[in-house]
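Shown next, in structure tokens, is the structure this report addresses.
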Amino acid sequence: MTDLVLGLDTFGDVPEESGRPVSHAAAIRQVVDEAVLADELGVDVIALGEHHRPEYSISAPETVLAAIAAKTSRIKLASGVTVLSSDDPVRVFQRFATVDALSGGRAQTILGRGSFTESFPLFGYDMSDYDVLFEEKLDLFVRLLDEKPVTWSGTTRAALEDADVFPKTESGRLDTWVGVGGSPQSVVRTARHGLPLMLAIIGGSPARFLPYIDLYRRASEQFGTLAHPVGMHSPGFVADTDEEAKELFYAPYKVMRDRIGALRGWPPLRREEFDTEVEGGSMYIGAPETVARKIADAVRTLGVGRFDMIYSAGAQPRSARMRAVELFGAKVAPMVRDILAG
């Protein structure tokens, strides 16, 4: 599978320097530096997730992607995800079409409902409208992708009458995916719109997502739409040894996981759970060969065409983050392709 797409994801987690968290501004500049390194090493995609919490620095992925566009030449510039439900589809299209222009056609938006809810009250949306907000706004966004005047009406924004939206892309269509965390309805909706599917697989065996991939393909056939190669993204971290990777990752990850878990009613993370997830679940943590073999196994099991690794989780040291990006691009990605070609 030499055409496999391999990428890196981050939410702009605030890293540490000299044992203390850096500023949000420094964290954003760190992400730009990491993306530039990933571009130099041949990584296919850098995806930036939208969040509105103190642990994360990126609330406007497309603005950071525009900065990365000016410093890179080949890497695909994606969101991971854009929370479309609490944004305006027209503005999202315009912002990403602008990034597409600045980058010479490298922009990609991955749209989702979001696994965090902070953006809804922040921008004045009611959580009781969670489903209809995404349904309607995705419908409008798909119409905008044709880059022709749009007439549309719904309950979640003002109607449009023969509205033309600018800028247009040079290719004529903005690269657009839908991110799904495990809802069959969302998988079917993605197939109905004929869009590529990105699965967020953040825990448990990857094999449990096989039914979702099968559903996507069957639904695409029934709707008469194209079933694109499916992508997946999962957390991971690369260091020079397995033990170093786990130790660098675990403590900051536990702090973040327990803070968020307290809001969602989860018990504190135990080291045994973490080790189990690393060994047999959906955490790709270790030395380059360890991570490469596990990624290759997941790609084979699910038959996906893309794997993105969420390489930051909590306040890892800045130097360790850069090393993880370096090892992923220089060693992990080539190893994965070699394994799959064997």
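The values are calculated or read from the model by the stated rules, or taken from the named source; none is laboratory data. What you are looking at is a predicted structure, and each value in this text was computed from that prediction instead of being measured. Every residue, glycine among them, receives a Cβ derived from its backbone with ideal geometry; neighbour counts consider all protein chains shown. With ligands, DNA and RNA removed, areas are computed over all heavy atoms of the protein, side chains included. Shrake-Rupley method; radii C 1.70, N 1.55, O 1.52, S 1.80 Å.
Relative to the dominant Cα principal axis of the chain, helix 130-144 is inclined by about 70°. Its Cα gyration tensor gives the chain an equivalent ellipsoid, and the semi-axes of that ellipsoid, as √(5λ) in whole Å with the largest first, are 31, 22, 21.
Put a dot 7 Å past the Cα of ALA251, heading toward its Cβ, do the same for ALA26, and the two dots end up 1.8 nm apart.
Translational D (Stokes-Einstein, µm²/s) of segment 1-94 at 20 °C and 1.002 mPa s when Rh comes from the Kirkwood sum over C-alpha pairs?
154 µm²/s
Compactness ratio for segment 261-309: Cα radius of gyration over 2.2 N^0.38 Å (N = residue count) comes to 1.39. The calculated FRET efficiency for ASP33 paired with ALA262, based on their beta-carbon distance and R0 = 41 Å, is about 0.80.
For MET335, what charge total do you get from the other residues with a beta carbon under 12 Å from its beta carbon, if Lys and Arg give +1 and Asp and Glu give -1? Kindly include the intermediate steps, with their values, before the conclusion.
Numbers: positive: ARG293, LYS294, LYS331, ARG337; negative: GLU289, ASP338.
Taking every other residue near MET335 into account, the sum is +2.
Could you tell me which of rounded, prolate or oblate describes segment 224-277, using a ≥ b ≥ c as the square roots of the eigenvalues of the alpha-carbon gyration tensor, with rounded for a/c under 1.5 and, failing that, prolate when a/b is larger than b/c and oblate otherwise? Cα axes put segment 224-277 in the oblate bin. A helix-only calculation puts the chain at -14000 deg cm²/dmol for mean residue ellipticity at 222 nm, using -39500 (n - 2.57) for each DSSP H run of at least four residues, averaged over all residues. Measuring only protein heavy atoms, the 1.4 Å probe finds LYS331 accessible over about 90 Å².
For the chain, the solvent-accessible area of protein heavy atoms averages 41 Å² per residue (probe radius 1.4 Å; ligands and nucleic acids excluded). Given springs between every Cα pair under 10 Å in a Gaussian network model of the chain, which of TYR130, TYR250, TYR56 has the largest fluctuation? Of the options given, TYR130 has the highest mean-square fluctuation. Dividing the alpha-carbon radius of gyration of segment 281-342 by the rule-of-thumb value 2.2 N^0.38 Å gives 1.13.
Comparing ARG91, ARG264, ARG218, which has the greatest mean-square fluctuation in the GNM of the chain with Cα pairs linked when under 10 Å apart? It is ARG264.
According to the Cα-based calculation, Rg over Rh for segment 82-168 is 0.97, with Rh computed by the Kirkwood formula.
For segment 182-239, the average shadow cast by the Cα convex hull is 4.2 nm², which is a quarter of the hull's surface. Relative to the current alpha-carbon distance between THR155 and VAL5, full extension at 0.36 nm per residue lengthens the span by 50.2 nm. For segment 220-337, a Kirkwood radius taken over Cα pairs fed into Stokes-Einstein (10 °C, viscosity 1.306 mPa s) yields D = 104 µm²/s. Taking 10 °C and 1.306 mPa s as conditions, segment 136-253 diffuses translationally at an estimated 93 µm²/s according to Stokes-Einstein applied to its Kirkwood radius (Cα pairs). Pairs over the 25 Å Cα-Cα cut-off, from the set LYS246/LYS294; LYS137/LYS168; LYS71/LYS294; LYS71/LYS137: LYS71/LYS294; LYS71/LYS137. Comparing VAL45, VAL187, VAL90 in a Gaussian network model of the chain (Cα springs below 10 Å), the most mobile by mean-square fluctuation is VAL90.
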